[in-house]
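One structure coming up, written as structure tokens, with questions to follow.
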Amino acid sequence: MNTARFDIHQTITDQIIAAIEAGAGEFKLPWHRAGADLLHPRNVASKIAYRGVNILTLWLTAEGKGYSSGLWGTYNQWASLGATICKGEKAAHIVFYKQVEMDSDNTEDKKTRLIARVTPVFAAEQVTGYEINTPAPLNASEFKHFEEAESFIKKTGAEIIYGYDQAYYQPTTDSIHLPHRESFIATETSSAEENFYSVLFHEMTHYSGTQERCNRDLTGRFGSESYAMEELVAELGAAFLCGHFNISSSPRQDHAQYLTHWLSIMKSDKRAIFTAASKASQAVDFLTRETVS
């Protein structure tokens, strides 16, 4: 691959746009899926979960190919484990940023910039010589208490007030407002309890954006579209948290109104989805930093 001509930002943005538009009018985004299919993709060598837009890229690739292991690695990483890439298999491409020092005559005033680096990775399903230990899928009806999620929510310290007709975060009181748990209903892919957590995680992502928390101000980058982009960050944050706790991520019909905005922004700004996914990962990092071991 000629990386000099390979535009990773445009390639990944186009991939996500195509996946959204493939919904044929149904408000179901690429990150809305059952918990068993929402496992955070991890690197097979380091066991560290991928972050930001790389999560979306690998989710989309796994969905399109039917992969379920959630394990990915480079050619050399698989080789170090005694595995071989199957003939004809094509890599997915992830991106990471490296800080590069720019040339300057002034040694005391060196400037740096972030350069995108592209890395090809393969899923465990694309190799031979490696045994995949895939856990048995959980039936949504078997979930009773979601103890890890409950513990996480309590430790964040977020004020959650129940009994409202809608779910929303109220900045003036710094509180999350939700309908009673009993108001949530089961859907085709999610239990009523999973749908409750999916909505709560969305509002908790909004909660993370205050100045004293993640200081998430998108007005400078997206101007009048910043509110729509904050909703996209919250959508992604909820999906990432659902993936963390193996909970199904469900679509919110009240966000269908933002779909045109999101597509328009992504089509005009190939880095927009990277920014949104990065901000969502920052929110998840903040919320889980001291609450999940």
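The values are calculated or read from the model by the stated rules, or taken from the named source; none is laboratory data. Since we're looking at a predicted model, the values are computed, not measured. Because the Cβ atoms are built from the backbone with ideal geometry, glycine has one as well, and the counts that use them run over all protein chains shown.
Here is a check on your reading of the model: is Phe201 within 22 Å of the chain's Cα centre (by Cα) and in contact (Cβ under 8 Å) with a residue 12 or more places away in the chain? Give the derivation first.
Numbers: within 22 Å of the chain's Cα centre (by Cα): yes; in contact (Cβ under 8 Å) with a residue 12 or more places away in the chain: yes.
Judged against the criteria, Phe201 is a match.
Still on this structure, I have one more. Taking the condition touching a Phe, Trp or Tyr at 6+ places or on another chain (Cβ under 6 Å) and within 18 Å of Gln15 (Cβ to Cβ), does Ala62 pass? Quick ask: steps written out before the conclusion?
Values: touching a Phe, Trp or Tyr at 6+ places or on another chain (Cβ under 6 Å): no; within 18 Å of Gln15 (Cβ to Cβ): yes.
No; evaluated as a whole, the condition is false for this residue.
Oh, and also: Which residues, taken from region 192-222, are surrounded by fewer than 22 Cβ atoms within 10 Å (Cβ to Cβ), part of a loop (DSSP other than H, G, I, E, B) and of a type outside the set (Asp, Glu)?
Passing the criteria: Thr210, Gln211, Arg213, Cys214, Asn215, Arg216, Leu218.
Out of (1) aliphatic (A, V, I, L, M); (2) in a strand (DSSP E or B); (3) at pLDDT 85 or above, what's the single condition that is false for Ile115?
Only one criterion is unmet by Ile115, namely (3).
Quick check on my filter: what residues within region 46-77 are outside any helix (DSSP H, G or I) and aromatic (Phe, Trp, Tyr)?
Filtering region 46-77 down to residues outside any helix (DSSP H, G or I) leaves 46-52, 66-74.
Passing the criteria: Tyr50, Tyr67, Trp72.
Exactly one of these conditions fails for Thr291: (1) under 17 Å from the mean Cα position of the chain (by Cα); (2) at pLDDT below 80; (3) surrounded by fewer than 17 Cβ atoms within 10 Å (Cβ to Cβ). Give me its number.
Answer for Thr291: the failing condition is (1).
If Tyr162 meets every condition in (1) touching a Lys or Arg at 6+ places or on another chain (Cβ under 8 Å); (2) buried (at least 18 other Cβ atoms within 10 Å of the Cβ) apart from one, which number is that one?
So Tyr162 meets the others, but not (2).
When the residues of region 249-279 are filtered to those that are hydroxyl-bearing (Ser, Thr, Tyr) and under 16 Å from Tyr227 (Cβ atoms), which remaining residue is modelled with the highest pLDDT?
Filtering region 249-279 down to residues hydroxyl-bearing (Ser, Thr, Tyr) leaves 249-250, 258, 260, 264, 268, 275, 278.
Right, trim to under 16 Å from Tyr227 (Cβ atoms) and you get 258, 260, 264, 275.
On the way: Tyr258: 80, Thr260: 83, Ser264: 92, Thr275: 95.
Among residues in region 249-279 that are hydroxyl-bearing (Ser, Thr, Tyr) and under 16 Å from Tyr227 (Cβ atoms), the one modelled with the highest pLDDT is Thr275.
Right, here's the next one. Ser80 versus (1) modelled with pLDDT of 95 or more; (2) surrounded by 13 or more Cβ atoms within 10 Å (Cβ to Cβ): which is the lone unmet condition?
Condition not satisfied by Ser80: (2).
Among the residues of region 61-100, what is the count of those that are of a type in the set (A, V, I, L, M, F, W, C), under 24 Å from Ile115 (Cα atoms), out of contact with any Lys or Arg (no Cβ under 9 Å at 6 or more places or on another chain) and in contact (Cβ under 8 Å) with a residue 40 or more places away in the chain?
Qualifying residue count, region 61-100: 1.
Looking only at region 234-243, decide whether some residue is surrounded by 23 or more Cβ atoms within 10 Å (Cβ to Cβ), part of a helix (DSSP H, G or I) and charged (D, E, K, R). I'd like the intermediate steps shown before the answer.
Start the filter on region 234-243 by keeping residues that are surrounded by 23 or more Cβ atoms within 10 Å (Cβ to Cβ), which leaves 234-243.
Still in the running and part of a helix (DSSP H, G or I): 234-243.
Still in the list and also charged (D, E, K, R): 235.
Yes: one or more hits.
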